[in-house]
Amino acid sequence: MTPDVLYLRASGTSLVLELADDLLPVVRHWGSDLGDLTDEDLAALGTAARVAFFDSPFDVADQVTVLPEHARAWIGRPGVEGSREGRDWSPAFRTSGPATTSTEPDGTQRVVVRGADATAYLEVVLELELHPGGLLRVRSTLTNTGHDTYTLGAVRHVLPVPEVAGELLDFTGRHTYERVPQRQPFSAGVHSREVRTGRTGLDAVHLLCAGEPGFGFRHGQVWAVHLGWSGNQQAYAERLHNGARVLGAGEALEHGELRLAHGESCTTPWLYAAHGTGLDEVTARFHAFSRSRPHAPSRPRPVTLNTWEAVYFDQSLERLTALADAGAAVGTERFVLDDGWFGGRCDDTTSLGDWTVSPDVWPDGLQPLIDHVHGLGMEFGLWVEPEMVSIDSDLARAHPEWIFAAGGRRGLESRQQHVLDLGHPGAYAHVRDQLVRLLQTYDIAYLKWDHNRYLNDAGHTPGGEAGVRAHTLAAYRLMDELIAARPGLEIESCAGGGGRVDLGVMERCVRVWASDCIDPLERQQIQRWTFALLPPGWVGTHVGSPRAHTTGRRHDLSFRGETAIWGHLGIEWDLTRATPEELAELGEWVAFHKAHRDLLHEGVVVNADHPDEAVWVHGVVAVDGAEALYSVTSLGRPVTTGPGRVRLPGLDPTRRYRASVPTPGTELRREGRGVVPWTREGVVTTGRVLAEVGLPMIPLLPEHSHLIHLEEVR
């Protein structure tokens with residue numbers, strides 16, 4: 001292989017890097033696997049990729065490095081923004097030796113490039129990793145070697161996409177309505193999405209995708225990036241007049257937030273990137289990466305009963321033991337005590353920061369409840385919000401200086417609470433010690449870690465300097481310390497619902513709460529797009545009460561149950577008020593989920609590009625291709641009689657499968673008008689027929705679903 005070209009390949013993805021003239025690497029190709037290439041092929045690729053310029057080097061669009069530099073004729077957003085009081089603002093890095101390449105035991109291919117700017121007194125270590133599943137990730141570490149302070153304004157990484165990527169897809173949203181897709185042409189200029197709320201965001205970009213116009217789940221080339229960071233951030237797509245197109249992301253730093261003294265370094269969050277044919281292939285790369293992490297769950301995800309919508313703040317031993325009894329009877333395996341157990345907490349105006357068990361609500365502590373839960377064969381979990389503080393709390397009265405404040409003023413109150421600045425060592429130690437004491441006192445297997453408000457005006461006292469970055473890193477460190485203090489502890493990332501869903505926090509957590517809305521109609525969309533990044537077993541999906549608390553809609557239990565089984569199943573419902581018939585049906589849904597849990601959580605997620613948007617088809621296919629489960633859901637009334645034929649993607653085209661319609665909780669109507677014959681006895685056909693021709697489906701009422709189960713016939 002030519003020494004100036006590095007060629008990395010994994011699972012249908014390839015990356016070609018050119019390193020020449022002591023410069024940072026240029027990305028010559030990121031996308032589909034180019035196959036076996038000789039040194040001559042790679043040299044020819046590099047030569048063929050170079051574009052002649054007409055008047056000046058600024059006309060050239062092919063000099064795209066992952067850390068772009070103005071000094072190399074890059075006229076878009078630079079990779080590094082910063083200065084020494086106005087000097088050294090345009091660094092030009094030169095490599096200090098050959099790139100280091102290695103392959104990790106798990107098959108991950110690593111490239112490390114070291115560079116420096118002797119004039120700006122900056123050093124950079126650039127890391128690229130291509131994981132076995134085809135996911136690429138990039139980050140940099142910058143070091144100030146000068147004697148005066150270097151103030152960073154931004155460090156961004158970019159990856160090029162070709163001219164065929166003419167359409168953009170990203171996401172927006174709000175509380176109880178997260179991950180709403182939005183599409184637009186990839187036009188000239190910058191499409192930028194920024195988060196300045198101190199967390200990933202209910203309106204987070206989630207994935208920023210560029211693809212062939214009209215790309216879907218199963219067709220069209222797609223390139224996607226995601227920033228693994230839980231604080232302020234920026235993601236953007238940039239198209240220059242010279243033809244360059246890139247996807248990029250990085251931390252969004254406030255003025256003066258990141259100042260490097262002599263010898264100090266900072267490491268950026270990872271930029272994750274995936275290419276595939278259709279969104280499903282992109283998703284599969286992200287899922288393979290998450291499932292390969294050292295802390296990935298190795299045991300079945302326990303069915304969870306959470307107390308919030310069942311009792312809110314009305315907690316008592318008698319009421320909660322009755323709820324636990326009802327939960328155990330339908331098959332739940334984990335009981336989570338939500339907000340209201342600590343300090344003087346009887347409503348949402350008080351006691352955040354006082355993480356001691358309330359003597360008024362729990363005069364004998366939590367042990368009687370935990371003993372009862374354990375006696376039923378369930379784990380015990382607890383809700384906490386460690387980054388927040390109530391003004392009416394012992395903590396705020398003792399240490400008002402630990403509350404975020406900027407410009408000599410405390411930030412606006414929201415949800416009757418403020419943010420505790422974990423960048424203060426004393427504040428950090430206070431929260432850590434109280435939570436460690438809880439974990440040492442009680443057998444707590446799980447923490448639901450909430451984060452219910454923005455970090456607005458997040459100034460570090462007494463000077464008021466911007467503090468979001470330090471706070472975010474401290475929150476990560478706190479999670480790490482608690483997991484170390486109680487090995488086996490699982491943490492869920494919850495932030496006003498789905499406001500902290502990213503691969504940074506998921507280095508510690510094994511579950512996210514996708515949304516505070518568990519209306520199954522809304523959850524169809526929220527879960528579809530949350531699964532685009534995270535495997536289903538990492539996403540909390542609960543069965544709510546008959547009337548949704550956030551929307552007021554009413555839905556049959558069949559629709560609520562069918563929507564919830566696809567992720568980490570839970571229940572958010574006062575089961576002590578459910579009828580015997582409802583409890584019996586709920587028990588059937590829980591049993592069905594457990595019977596198919598391995599498939600649901602470990603299978604390959606697939607989505608059909610169904611022609612009518614009123615009908616959604618999604619499913620999971622076993623890794624060995626021997627089994628699959630699909631959902632056909634009517635979100636509304638189709639224009640024509642529907643859903644008609646439904647094609648089932650992702651199956652082995654050469655195998656034969658038996659298709660059937662399982663009906664937990666209710667009996668499917670199998671006789672009479674409108675009934676499709678195959679649903680009575682099942683049908684056997686090939687994976688190719690199921691994917692290309694499909695199966696006719698029973699007409700569905702709006703906001704109802706049917707399941708299709710496929711098993712290989714040997």
Residues of the range 379-399 with amide nitrogen under 14 Å from the 7 Å Cα-to-Cβ point of GLU481?
386-387
Value of Rg/Rh across the chain [Cα atoms, Kirkwood radius]:
0.98
Separation of the range 332-368 and the range 544-622 by C-alpha centroid, Å?
29
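Using a/c under 1.5 as the rounded threshold, could you call the range 408-453 rounded, prolate or oblate? The axes a ≥ b ≥ c are square roots of the C-alpha gyration tensor eigenvalues, and prolate needs a/b larger than b/c, oblate otherwise. Show your work: numbers first, answer last.
Numbers: a/c = 3.67, a/b = 1.70, b/c = 2.16.
It comes out oblate by the Cα gyration axes.
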Which of the GluC sites (Glu not before Pro) found in the range 458-496 are loop residues per DSSP with 15 or fewer other Cβ atoms within 10 Å of their Cβ?
none
Label point at ARG293 placed 7 Å out along Cα→Cβ; residues across the range 269-284 whose backbone nitrogen lies under 16 Å:
269-273, 284
Given R₀ = 22 Å, FRET efficiency for VAL436-SER265 by Cβ-Cβ distance, to 0.05?
0.15
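Sum -39500 (n - 2.57) across every DSSP H segment of at least 4 residues in the chain, then divide by the residue count to get the 222 nm mean residue ellipticity, nearest 500. List each step's numbers first, then the result.
Details: 14 runs with 143 residues, N = 714.
-6000 deg cm²/dmol, from helical runs alone.
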May I ask you to order 349-360, 425-436 by the average number of other C-beta atoms within 10 Å around their residues, highest value first?
349-360, 425-436
What is the Cα centroid distance between the range 403-456 and the range 118-191, reported in whole angstrom?
29
Can you order the peptides 219-226, 509-516 by their average number of other Cβ atoms within 10 Å per residue, highest first?
509-516, 219-226
Segment GLU85-ARG409, extension gain: residue separation times 0.36 nm, minus the distance between their alpha carbons:
113.9 nm
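In terms of the Cα gyration tensor, with a ≥ b ≥ c the square roots of its eigenvalues, is the range 429-538 rounded because a/c is under 1.5, prolate because a/b exceeds b/c, or oblate? Working shown, then result.
Working: a/c = 2.16, a/b = 1.25, b/c = 1.73.
Cα axes put the range 429-538 in the oblate bin.
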Filtering the chain for DSSP H helices with an axial alpha carbon extent of at least 18 Å and a Kyte-Doolittle mean of at least -0.5 returns 279-292, 317-330, 425-441, 468-485, 580-595
Neighbour cut-off at most 16 other Cβ (10 Å), DSSP loop, trypsin sites (Lys or Arg not before Pro), the range 192-228:
ARG196
Descending packing, highest mean Cβ count within 10 Å first, for 118-127, 102-111, 384-393 is 384-393, 118-127, 102-111
Taking a spot 7 Å from the Cα of HIS147 along the direction of its beta carbon, which residues of the range 235-270 have an amide N less than 16 Å from it?
261-264
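Readers should treat all values here as calculations from the given coordinates under stated rules, not as data from a laboratory. Everything quoted here is computed from the prediction, not taken from an experiment. Note: ideal-geometry Cβ built from the backbone for every residue, glycine included; neighbour counts use all protein chains shown.
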